[in-house]
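Below is one structure, written out as structure tokens; comments come after it.
The values are calculated or read from the model by the stated rules, or taken from the named source; none is laboratory data. Treat the numbers as computed from the prediction; the structure is a model and nothing was measured. Because the Cβ atoms are built from the backbone with ideal geometry, glycine has one as well, and the counts that use them run over all protein chains shown.
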Ligand SMILES: [Zn+2]
């Protein structure tokens, strides 16, 4: 991986892959603005700029190029791309294998800039296990994720449904990233409870698992304590973008508390781009930790920033015993 910061959790998801009328698993009330609408209106000027950028990009390659430019501006040397498996639910019109190939081509165009994770919808059954193995062996994917229990309606501790995938991860010597947040107001989140990963960690002690989004918003104490106490469990800070001072402080406080405990070796920066790109670009959000933290009453040493923005991801990726 190229020197510099690492974004441990992003997506290179092209709108052109989506079905004309994607089937969404969650219900929404038409009379109220949804979660993504609130993201898109939090900072209207940034949202307008992002809309202009996206409408100017004519191909997936141009889209990827724009994200790499943004990584350069933010001092991000490498990023972990989580390829979501949303074919079975009808969200993508493009076969998932084609998507995995397109993302792998972007990685090949930018050597050392991307590490790829392949999310598997466990409803694929044995074919999902085969798909994971092919993605690793034929396309060079290096982890399983982002797993989406709330979209795919499974519990991550379901031995019958998900353990065959974990066993394959152990065999392939790759880590796992699974969502432990909720989509506000839209999906049933209880299957994302980090507590469900306790049994998985117990049954697979040598499997590195990232509690993606660190239990936001209901369970971040649980996620923080799991990552502090249990070898093998990590957290990332994907989805923590906010504009209000209370939530920015909460984010910095989580990071500070992690750094004051053994979790200092477990917490990883993640943007979840492009989900929050209409609110912050990479540089602006990183600056809140690197440059603006004292304004909110927090300080981080250069060693702590190095752990958060790079070294912990390297351990997460490479730390699974052979
Ligand atoms: Zn994500």
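Under the condition of being crowded, with 18+ Cβ neighbours inside 10 Å and within 16 Å of the ligand (Cβ to nearest atom), the residues counted in segment 197-219 number 8. The number of residues in segment 111-142 that are under 19 Å from residue 317 (Cα atoms) and touching a helix residue (DSSP H, G or I) at 6+ places or on another chain (Cβ under 7 Å) comes to 14.
Table: residues versus (1) free of Cβ contacts under 8 Å to residues at least 40 places away in the same chain; (2) under 23 Å from residue 11 (Cα atoms).
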| residue | (1), (2) |
| --- | --- |
| 202 | yes, no |
| 205 | yes, no |
| 215 | yes, yes |
| 222 | yes, no |
| 228 | yes, no |
| 232 | yes, no |
| 239 | no, yes |
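Taking segment 252-282 as the range and being in contact with a helix residue (DSSP H, G or I) (Cβ under 8 Å, 6 or more places away or on another chain), farther than 18 Å from residue 81 by Cα and not in a loop (DSSP other than H, G, I, E, B) as the test, the residues that pass are 252, 254, 255, 257, 258, 259, 262, 263, 264, 265.
Criterion applied to 315, 272, 306 was being under 20 Å from residue 227 (Cα atoms) and within 15 Å of the ligand (Cβ to nearest atom), and the one residue passing it is 272. Scanning segment 197-236 for residues that are in a helix (DSSP H, G or I), more than 16 Å from residue 257 (Cβ to Cβ) and more than 17 Å from the chain's Cα centre (by Cα) gives 198, 199, 200, 201, 202, 203.
Does residue 172 fit the bill of being more than 19 Å from residue 268 (Cα to Cα) and modelled with pLDDT under 95? Considered against the rule, which asks whether it is more than 19 Å from residue 268 (Cα to Cα) and modelled with pLDDT under 95, residue 172 comes out as no. Can you tell me which of (1) under 30 Å from residue 45 (Cβ atoms); (2) within 16 Å of the ligand (Cβ to nearest atom) is the one residue 242 doesn't meet? Exception for residue 242: condition (2).
Scanning segment 221-239 for residues that are modelled with pLDDT of 95 or more and within 16 Å of the ligand (Cβ to nearest atom) yields 223, 234, 235, 236, 237, 238. Being farther than 23 Å from residue 316 by Cα and either within 16 Å of the ligand (Cβ to nearest atom) or over 21 Å from the mean Cα position of the chain (by Cα) (or both) is not true of residue 60.
Taking the criterion of being surrounded by fewer than 22 Cβ atoms within 10 Å (Cβ to Cβ) and farther than 24 Å from residue 206 by Cβ, the only residue of segment 220-238 that qualifies is 221.
Conditions tested, residue by residue: (1) within 16 Å of the ligand (Cβ to nearest atom); (2) part of a strand (DSSP E or B); (3) closer than 30 Å to residue 310 by Cβ; (4) modelled with pLDDT of 90 or more.
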{"residue": "12", "(1), (2), (3), (4)": "yes, no, yes, yes"}
{"residue": "16", "(1), (2), (3), (4)": "no, no, no, no"}
{"residue": "41", "(1), (2), (3), (4)": "no, no, no, no"}
{"residue": "45", "(1), (2), (3), (4)": "no, no, no, yes"}
{"residue": "64", "(1), (2), (3), (4)": "no, no, yes, yes"}
